[in-house]
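As structure tokens, the structure follows; a few thoughts come after it.
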Amino acid sequence: MVRIKNVENGSSAYRAGICAGDLLEKINGNIINDVLDYMFYVAEESIVLEVSRDGKNLSFNITKSEYDDLGLGFDTFLMDNKQSCHNKCVFCFIDQMPPGMRETLYFKDDDARLSFLQGNYVTLTNLEQSDIDRIIRMKLNINVSVHTTNPELRCRMMNNRFAGEKLKYLRQMADNGIKLNCQIVCCPGLNDGDELRRSLQDLGELMPNLTSMAVVPVGLTKFREGLYPLTGFTKESACETLDIIEEYQQIFLEKFGTRTVFPSDEFFLIAERELPDEEYYEEYPQYENGVGMLRSIIDEFDKALEMAEWEGENPRHVTIATGYAPYKIIKELADKAQERFPLLKCDVYPIRNDFFGETITVTGLITAQDLIAQLKGKNLGDELLISSAMLRRDTQDFLDDLSVGDVEEALNTKIRANGNDGYELLDAIMGITY
């Protein structure tokens with residue numbers, strides 16, 4: 001039973017007589033608990049809505065085009081509360097956050113509905129057989145944080161005694177045609193080496209319904225007092241991990257025609273190896289996991305630079321702030337642009353992550369405090385360019401709750417945030433707006 005918050009004027013629900021405040025109970029005889037139930041059953045052309053109004057049960061017949069929205073609004077996007085994580089993983093980034101930050105940053109979601117709707121990764125540990133049955137019935141593709149297929153090790157890494165037995169759901173879903181994207185957060189001394197080989201071997205048996213798999217290195221902040229003693233990857237261990245991944249890529253490529261498993265860009269940077277070419281990434285199925293993002297940006301930037309033309313006779317000076325990990329690549333791109341356009345000056349500064357600790361080198365975790373501290377007093381030119389990954393989704397706020405405006409005021413410069421896109425980056429460098 002879900003409370004209807006509002007009804008859109010002129011919608012099919014409005015015309016049928018449904019009112020704000022009604023409690024939605026069933027659609028075509030099916031109980032509605034959340035947004036997945038609602039989306040699945042409302043897709044029919046002819047539906048019967050059962051609601052409760054002031055203690056009375058009412059029924060409404062509605063005919064509409066297939067997949068058309070009814071025009072109903074609910075209190076929350078999920079029509080329910082987010083499901084929180086039941087694990088305490090030894091590598092969990094949220095457990096490594098400093099105290100005193102906003103409350104939402106400490107919430108760990110582990111919600112299969114958000115996996116389908118927004119691409120979030122789930123561990124399966126708070127799912128029951130009925131949940132898996134619903135996923136199969138509704139044919140919902142899902143993203144799973146596997147980490148290891150060794151049941152005992154999975155329990156230990158996730159600090160959840162049920163984590164190992166939940167692996168059986170992977171086979172159930174794959175056998176029923178559910179497409180799976182998986183990820184492994186790789187921790188030296190735990191699930192790397194032979195344990196990684198085991199996981200890749202086991203997950204390969206889910207083909208062809210395992211559509212992709214990412215292996216990403218554990219991220220360690222300076223706030224790990226009292227937590228499991230983990231170490232980060234070295235050049236040597238990163239090379240060993242890349243070798244294992246490439247070994248299984250060849251196996252999968254020969255057997256299935258796809259590499260399936262991909263390392264995140266960080267592994268190549270730590271190992272000091274060249275990034276593979278575009279073909280390697282097979283249309284970037286794990287792009288949002290940082291797999292192939294740098295290669296894509298490089299290729300897009302180069303294509304954009306080929307076609308670009310400098311307009312006008314005015315010089316332009318900009319500064320790019322980036323993390324230590326991609327600094328070399330971003331600097332090379334900036335140098336290409338300067339070489340092409342003599343009126344352009346583009347400085348690039350790597351920002352040391354004092355907030356989370358120097359072991360965090362990615363751009364997306366740079367805070368406003370570190371930007372201000374390390375760029376104050378420098379000639380930043382016409383604009384400071386940052387990645388939009390530094391900002392909270394759909395906001396102008398950094399992780400430390402300072403805003404873009406706060407940084408602009410502190411540094412006395414205009415800030416321009418651009419997405420992880422080579423075309424956007426060149427536009428920002430050249431000052432092009434649309």
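Overview of results
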{"quantity": "Residue tally, condition of a type outside the set (D, E, K, R) and either open to solvent by 30 Å² or more (accessible area, probe 1.4 Å) or at positive phi (or both), over the stretch 75-94", "calculated": "10"}
{"quantity": "Pair list, Cβ under 8 Å, 6 or more apart: the stretch 398-411 residue without any contact (Cβ under 8 Å) to a residue 40 or more places away in the chain, other residue crowded, with 18+ Cβ neighbours inside 10 Å and aromatic (Phe, Trp, Tyr)", "calculated": "Val404/Phe398; Val407/Phe398"}
{"quantity": "Residue tally, condition touching a strand residue (DSSP E or B) at 6+ places or on another chain (Cβ under 7 Å), in a helix (DSSP H, G or I), closer than 28 Å to Trp310 by Cβ and not charged (D, E, K, R), over the stretch 395-429", "calculated": "5"}
{"quantity": "Number of the exception - Gly422 against (1) more than 16 Å from Phe301 (Cα to Cα); (2) in contact with an Asp or Glu (Cβ under 7 Å, 6 or more places away or on another chain)", "calculated": "(1)"}
{"quantity": "Residue check, Phe107 more than 30 Å from Lys222 (Cβ to Cβ) and open to solvent by 10 Å² or more (accessible area, probe 1.4 Å)", "calculated": "no"}
{"quantity": "Test set (1) farther than 17 Å from Asp427 by Cβ; (2) of a type in the set (Ser, Thr, Tyr); (3) surrounded by 22 or more Cβ atoms within 10 Å (Cβ to Cβ) - Thr319 fails condition number", "calculated": "(1)"}
{"quantity": "Sole exception among (1) over 21 Å from Gln286 (Cβ atoms); (2) assigned to a loop (DSSP other than H, G, I, E, B) for Arg156, by number", "calculated": "(2)"}
{"quantity": "Filter result (open to solvent by less than 50 Å² (accessible area, probe 1.4 Å), closer than 30 Å to Arg137 by Cα and not hydrophobic (A, V, I, L, M, F, W, C)) within the stretch 203-230", "calculated": "Gly204, Asn209, Ser212"}
{"quantity": "Options Ile251, Ile245, Ile270: the member that is within 22 Å of Ser387 (Cα to Cα) and either in contact with a Lys or Arg (Cβ under 7 Å, 6 or more places away or on another chain) or of a type in the set (A, V, I, L, M) (or both)", "calculated": "Ile270"}
{"quantity": "Unique match (being over 30 Å from Arg392 (Cα atoms) and either of a type outside the set (A, V, I, L, M) or in contact with a Cys (Cβ under 9 Å, 6 or more places away or on another chain) (or both)) among Asn57, Asn6", "calculated": "Asn57"}
{"quantity": "Residue match in the stretch 178-196 (condition: open to solvent by 80 Å² or more (accessible area, probe 1.4 Å), at negative phi, out of contact with any Pro (no Cβ under 8 Å at 6 or more places or on another chain) and touching a residue at least 40 places away in the same chain (Cβ under 8 Å))", "calculated": "no"}
{"quantity": "Failed criterion for Arg392 (all others in (1) touching a strand residue (DSSP E or B) at 6+ places or on another chain (Cβ under 8 Å); (2) open to solvent by 60 Å² or more (accessible area, probe 1.4 Å); (3) modelled with pLDDT of 95 or more hold)", "calculated": "(3)"}
{"quantity": "Cβ-Cβ under 8 Å pairs, at least 6 apart or on other chains, the stretch 146-175 side among the basic types (Lys, Arg), far side at pLDDT 95 or above and not in a loop (DSSP other than H, G, I, E, B)", "calculated": "Arg154/Leu167; Arg161/Cys155"}
{"quantity": "Criterion violated by Leu49 - all others in (1) of a type outside the set (Phe, Trp, Tyr); (2) open to solvent by 50 Å² or more (accessible area, probe 1.4 Å); (3) modelled with pLDDT of 90 or more; (4) over 30 Å from Cys186 (Cα atoms) satisfied", "calculated": "(2)"}
{"quantity": "Some residue of the stretch 116-136 being basic (Lys, Arg) and open to solvent by less than 20 Å² (accessible area, probe 1.4 Å)", "calculated": "no"}
{"quantity": "Selection count where residues are over 15 Å from Ser52 (Cα atoms) and without any contact (Cβ under 8 Å) to a residue 40 or more places away in the chain, scope the stretch 10-27", "calculated": "1"}
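Table: residues versus (1) under 19 Å from Asp302 (Cα atoms); (2) assigned to a strand (DSSP E or B); (3) at pLDDT 95 or above.
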residue: Leu333; (1), (2), (3): yes, no, yes
residue: Gln338; (1), (2), (3): yes, no, yes
residue: Val348; (1), (2), (3): yes, yes, yes
residue: Thr361; (1), (2), (3): no, no, yes
residue: Asp370; (1), (2), (3): no, no, yes
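The values are calculated or read from the model by the stated rules, or taken from the named source; none is laboratory data. On a predicted model such as this, the values are computed, not experimentally measured, just so you know. In this analysis, Cβ positions are derived from the backbone assuming ideal geometry, glycine residues included, and neighbour counts consider all displayed protein chains. The area values use the complete protein model at the heavy-atom level, side chains included, leaving out ligands, DNA and RNA. Shrake-Rupley method; radii C 1.70, N 1.55, O 1.52, S 1.80 Å.
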